[in-house]
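Trainee: Next up is a structure, given as structure tokens.
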Amino acid sequence: MESVRAVLIDIDGVLTVSWRPLPGAVEALREVREAGFGVLLVTNTTSRTRASIAGTLAEAGFPVSAEDILTAPAATAAYLAEHHPGARCALLNSGDIAEDLDGVTVLEAGDTEAVPDVVLVGGAGPEFGYAALDRAFGHLRRGARLVAMHRNLYWRTAEGLRLDSGAFLAGLERAARVEAEITGKPARAFFASALARLGVGAQEAVMVGDDVESDVLAAQRAGVTGVLVRTGKFQPETLRAADGTPDHVIDSVADLPALLRGSAQQ
């Protein structure tokens, strides 16, 4: 970590829970910035746009703007433009993310006549009922491609863990006998995009997250140093069952400045 110049940080479960700052998170982010590290907040959140996320974080005291955030929807727009240009997409998602899907043709939710080229899956919510999932299944059986913003099975809220779209995605894949193209974490392309925005190589960055698989081990497979925090969705049994070992495990993001200082001293 002696060569680290930039830090990728997940938001939900690392900096905030239900958009409320975790203890010491605001101060930690300020300290990391003041130490001269490049910072990019990377999130699979699909319920809000980058601008909305930045506004909420700034109100809570975090020194961030929309330019400091890379969301799964924004990465998805770039992915579709490259791999499925001009595709008509049937979007299954909870939240308004149209602003971050710039250039993507999204069919009207009530349009039952149009035939999509892509079934686009975001984050789960009340919209993931039987009728919507069965309609997506039908599109896939008729040849539509399946593109998903992430595979998260659950996330942490102030009320506890909540089921996410990864659980439904696995069912769609198995039922329709297709494999989803993933655009957010843990996709290697997502991390490559984040590094490119910061102008650093993989060996010059660390990734801080609460999801051992999608955040930390996925980053490590992309050559980025992984730091797991024991907040958010972290569970000891999940860490024990993981198919790899994080480079570092810290109690919370409040301990990140000390970790970076210690590495610099070494």
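Trainee: R0 = 30 Å: FRET efficiency of E67 with A158, Cβ-based, nearest 0.05?
Mentor: 0.60
Trainee: From zero up to wherever the largest Cα-Cα distance of segment 178-227 sits, split into 10 Å bins and tell me the percent of pairs in each.
Mentor: 29, 56, 13, 2
Trainee: Could you pull out every residue, at least 5 positions away or on a different chain, whose amide H is within less than 5 Å of the one on G38? Hs are placed 1.01 Å off N in the peptide plane, and Pro or chain starts have none.
Mentor: A6, V7
Trainee: What accessible surface, in Å², does a 1.4 Å probe find on D210, ignoring ligands, DNA and RNA and rounding to the nearest 10?
Mentor: Approximately 10 Å² for this residue.
Trainee: Now, a different point. Measure nothing but the geometry: give the 0 to 90° angle between the long axis through the Cα atoms of 72-83 and the longest principal axis through the Cα atoms of the chain, rounded to 10°.
Mentor: Tilt of helix 72-83: around 60 degrees.
Trainee: Expressed as a fraction of 2.2 N^0.38 Å, the rule-of-thumb size for a compact globular protein of N residues, what is the C-alpha radius of gyration of segment 215-266?
Mentor: 1.17
Trainee: Once you compute Rg and the Kirkwood Rh from C-alpha atoms, what is the Rg to Rh ratio for segment 1-96?
Mentor: Checking Rg against Rh, the ratio lands at 1.03.
Trainee: Count neighbours as other Cβ atoms within 10 Å of each site's Cβ, and list the GluC sites (Glu not before Pro) in segment 73-156 that are DSSP loop with at most 12 such neighbours.
Mentor: Hits after loop and neighbour filter: E108, E113.
Trainee: Where Rh denotes the Kirkwood radius from the mean inverse Cα pair distance, what is Rg over Rh for segment 137-197?
Mentor: Result: Rg/Rh = 1.07.
Trainee: Related question: Could you work out the pair-distance distribution P(r) of segment 158-241 from its alpha-carbon pairs, with 10 angstrom bin width and percents rounded to whole numbers?
Mentor: Result, from short to long distances: 16, 39, 33, 12, 0 percent.
Trainee: Hey, if you put +1 on the Cβ of every Lys and Arg and -1 on every Asp and Glu Cβ in segment 38-121, which of Y79, L92, T56 ends up farthest toward the positive end of that dipole?
Mentor: In segment 38-121, that residue is T56.
Trainee: Next question, about the same structure. Could you tell me the largest-minus-smallest coordinate of the C-alpha atoms of the chain on each of the three principal axes, in descending order and whole angstroms?
Mentor: So the extents along the principal axes, rounded to whole Å, are 62, 37, 32.
Trainee: Let me ask another. Given an 8 Å cut-off on Cα distances and at least 6 residues of separation, report the relative contact order of the chain as a percent.
Mentor: 22 percent
Trainee: Using C-alpha positions alone, give me the convex hull volume of segment 22-73 per residue in cubic angstrom.
Mentor: That works out to 75 Å³ per residue.
Trainee: Moving on to the next point. What relative contact order, as a whole-number percentage, does segment 174-266 give when Cα pairs under 8 Å and 6 or more residues apart are counted?
Mentor: Here the relative contact order equals 22 percent.
Trainee: Return the long-range amide H neighbours of T105 (sequence gap of 5 or more, or a different chain), with a cut-off of under 5 Å between placed amide H atoms.
Mentor: The answer is C89.
Trainee: Report the gain in length on full extension from R230 to A58: 0.36 nm times residue separation, minus Cα-Cα distance, nm rounded to one decimal.
Mentor: Extending this stretch completely gives an extra 59.5 nm.
Trainee: Step through the residues of segment 10-26 one at a time and calculate ³J(HN,Hα) from phi using the Karplus curve (6.51 cos²θ - 1.76 cosθ + 1.60, θ = phi - 60°), rounding each to whole Hz and writing x for Gly and Pro.
Mentor: Running phi through 6.51 cos²θ - 1.76 cosθ + 1.60 with θ = phi - 60° gives 5, 9, 5, x, 10, 8, 9, 9, 6, 6, 9, x, 6, x, x, 5, 4 Hz.
Trainee: Could you work out how far helix 130-141 tilts from the main Cα principal axis of the chain, as a 0 to 90 degree angle to the nearest 10?
Mentor: The two axes meet at around 80 degrees.
Trainee: If one takes the longest principal axis of the Cα atoms in the chain, at what angle in degrees, from 0 to 90 and to the nearest 10, does the Cα axis of helix 256-265 lie?
Mentor: With rounding to tens, the tilt is 50 degrees.
Trainee: List the relative contact order of segment 223-266 as a percent without decimals, with contacts defined as Cα pairs under 8 Å and 6+ residues apart.
Mentor: That works out to 46 percent.
Trainee: To the nearest whole percent, what portion of all C-alpha pairs in segment 70-181 is separated by more than 17 angstrom?
Mentor: 51 percent
Trainee: Report the extension gain between A192 and R261 in nm, rounded to one decimal, defined as 0.36 nm multiplied by the number of residues separating them, less their alpha carbon distance.
Mentor: 22.3 nm
The values are calculated or read from the model by the stated rules, or taken from the named source; none is laboratory data. These numbers come from a predicted model, not from an experiment. FYI the Cβ positions are ideal-geometry reconstructions off the backbone, even for glycines, and counts take in every protein chain you see. Accessible surface areas use protein heavy atoms only, side chains included; no ligands, DNA or RNA. Shrake-Rupley method; radii C 1.70, N 1.55, O 1.52, S 1.80 Å.
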